[in-house]
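The next block holds one structure in the form of structure tokens; read it before the comments.
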Amino acid sequence: MSVLIRGASIVGAEPADVYAVDGVIREIGSLAGLAGEADEVVDADGLVLLPGLVDLHTHLREPGREDAETVLSGSRAAAAGGYTAVLAMANTSSVTDTAEAAERVLDLGVAAGIVDVRPVGAVTRGLAGEELAELGLMARSRAQVRVFSDDGRCVADARVMRRALEYVKAFGGVVSQHSQDPALAPHASCCHEGPVSAQLGLPGWPGVAEEVIVARDVMLARHTQSRLHVAHVSTAGSVEVVRWAKAQGIDVTAEVTPHHLLLTTDLLTSYDPVYKVNPPLRPAEDVAALREALLDGTIDAVATDHAPHARHDKEHAFVDAAFGMLGLETALPVVWTVLGEQLGWEGVARVMSAQPARIAGLAGQGTAVAVGEPANLTLVDPSTSYAVDRDASLSLSRNNPWHGRTLSAAVVGTWLRGTRTHGA
């Protein structure tokens, strides 16, 4: 199979033609003469071509909650958002805490064949935070797990976290931490602690509950000489800790979600459970710090934390509703709308493709649009503005915080190793 993409601006540079054969980019330049040879010819005049996006943090819900999402439906949503690879978090039912469970998720992704689905392994058995899961066996399995996380729950025991960091060193793994001290922010906590939580009578989730875990873990990473990844950073204080850690040479990376780059805790005054997320939406000053940190490299990547929920899990009083928002189909437009002018397309490619792939150790993903590289590609129309319609989503769920908002830039085509997975 071959595809010729004509006249695209490659990562925002001058327009050129890109020709891929059997999943690999073979030529770049002025290639009009190849139009008769290609199985697919795409007119990309005025469009931007990026390396396929990579998401470090996706909840696909399968096995166990196929009413909210499946690997197939989540893969379709990911491709529509420009993704060619996603990391499926471990907090499914049953938990991905064994080699067999990891291989099952891998096989579901291969069967879907739309994006590369790589399982994230649990740090502890059953996400209980007490006993390490089968880290080594998952790493040696066909799934070759390299990222481990109890996401949704914090590895609160410092001894367990230390052992996990020590263990993953042997195979170049990384522990991704959900930073939430349960003593400072119990599970019921659902609103940033401050004037809004007091006004609404909602259980407060103070920023320090995140920051103390981030601070503890970067010191554990320094002690163990291991790799730490901080999931969904949400506060200015956490940014300060990560910035300090990087200055000390500690091997720490961090991600931010699209919703934490734009939405603020003031939205909770509506009591709309679509805005209930963990960590919670924060005040404007935290949002500003997160944007600055992404621009200066303190935060390495954008990750969606795509968290689909069935209607009956979201349509409750705010305190009883499930945590989480959809994010795969809207991540790139949100990032471009908020920070496109400052990041540029090279910056978008860095924080949404190259850096996530590097952190996850995904060979063949996040590579440059260059001859000899895999044809994992995303085609974007930068001139489009559109109103988000939750009912048009390819996800099985509808808990979309962007419904009705106007966003800029739209993904019009996605290719996984030269095979189109989204677009006409």
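The values are calculated or read from the model by the stated rules, or taken from the named source; none is laboratory data. Computed from a predicted structure; not experimentally measured. Note that each Cβ is placed from the backbone with ideal geometry, even for glycine, and that neighbours are counted across all protein chains shown. Note: accessible area is taken over every heavy atom of the protein model, side chains too, but ligands, DNA and RNA are not part of it. Shrake-Rupley method; radii C 1.70, N 1.55, O 1.52, S 1.80 Å.
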For this session: State yes or no: is His309 open to solvent by less than 60 Å² (accessible area, probe 1.4 Å) and without any contact (Cβ under 8 Å) to a residue 40 or more places away in the chain?
Result: no
For this session: Identify, from the list Asp17, Asp45, Asp55, the residue that is farther than 25 Å from Ala78 by Cβ, crowded, with 17+ Cβ neighbours inside 10 Å and of a type outside the set (A, V, I, L, M, F, W, C).
Result: Asp17
Problem set entry | Neighbours by Cβ (under 8 Å, 6+ apart or cross-chain): first from segment 361-380, farther than 22 Å from Gln144 by Cα and surrounded by fewer than 17 Cβ atoms within 10 Å (Cβ to Cβ); second modelled with pLDDT of 95 or more and among the basic types (Lys, Arg) | Val371/Arg26
For this session: Kindly list, by first and then second residue, each pair from a residue in segment 89-108 that is over 18 Å from Arg146 (Cβ atoms) and in a helix (DSSP H, G or I) to a residue that is open to solvent by 20 Å² or more (accessible area, probe 1.4 Å) and hydroxyl-bearing (Ser, Thr, Tyr), limited to pairs with Cβ atoms under 9 Å and residues at least 6 apart or on different chains.
Result: Leu108/Thr70
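Matching residues to (1) in contact with a His (Cβ under 8 Å, 6 or more places away or on another chain); (2) surrounded by 15 or more Cβ atoms within 10 Å (Cβ to Cβ); (3) of a type in the set (A, V, I, L, M, F, W, C):
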position: Val123; (1), (2), (3): no, yes, yes
position: Glu130; (1), (2), (3): no, no, no
position: Ala143; (1), (2), (3): no, yes, yes
position: Arg146; (1), (2), (3): no, yes, no
position: Asp157; (1), (2), (3): no, no, no
position: Val174; (1), (2), (3): yes, yes, yes
position: Gln180; (1), (2), (3): no, yes, no
position: Val196; (1), (2), (3): no, yes, yes
Seminar exercise, completed: Considering residues that are touching a Leu at 6+ places or on another chain (Cβ under 9 Å) and assigned to a loop (DSSP other than H, G, I, E, B), the number found within segment 331-364 is 1
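Counting just the residues of segment 35-53 that are aliphatic (A, V, I, L, M) and in contact with a Lys or Arg (Cβ under 9 Å, 6 or more places away or on another chain), which one comes out modelled with the lowest pLDDT?
Per the criteria, the residue is Ala35.
Let's see how each residue does on (1) acidic (Asp, Glu); (2) within 29 Å of Val380 (Cβ to Cβ); (3) touching a Leu at 6+ places or on another chain (Cβ under 9 Å):
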{"residue": "Leu60", "(1), (2), (3)": "no, yes, yes"}
{"residue": "Arg65", "(1), (2), (3)": "no, no, no"}
{"residue": "Ala68", "(1), (2), (3)": "no, yes, yes"}
{"residue": "Met89", "(1), (2), (3)": "no, yes, yes"}
{"residue": "Val120", "(1), (2), (3)": "no, yes, yes"}
{"residue": "Val123", "(1), (2), (3)": "no, no, yes"}
Exercise. Taking segment 215-268 as the search range and keeping residues that are open to solvent by 10 Å² or more (accessible area, probe 1.4 Å) and among the acidic types (Asp, Glu), which one is farthest from the chain's Cα centre (by Cα)?
Worked result: Asp266
Problem set entry | Single match in Glu66, Glu40, Glu62 (criterion: open to solvent by 30 Å² or more (accessible area, probe 1.4 Å) and farther than 22 Å from Val117 by Cβ) | Glu40
Exercise. What are the residues in segment 20-35 that are over 23 Å from Glu346 (Cβ atoms), open to solvent by less than 60 Å² (accessible area, probe 1.4 Å) and of a type in the set (Gly, Ala, Ser), if any?
Worked result: Gly23, Ala32, Ala35
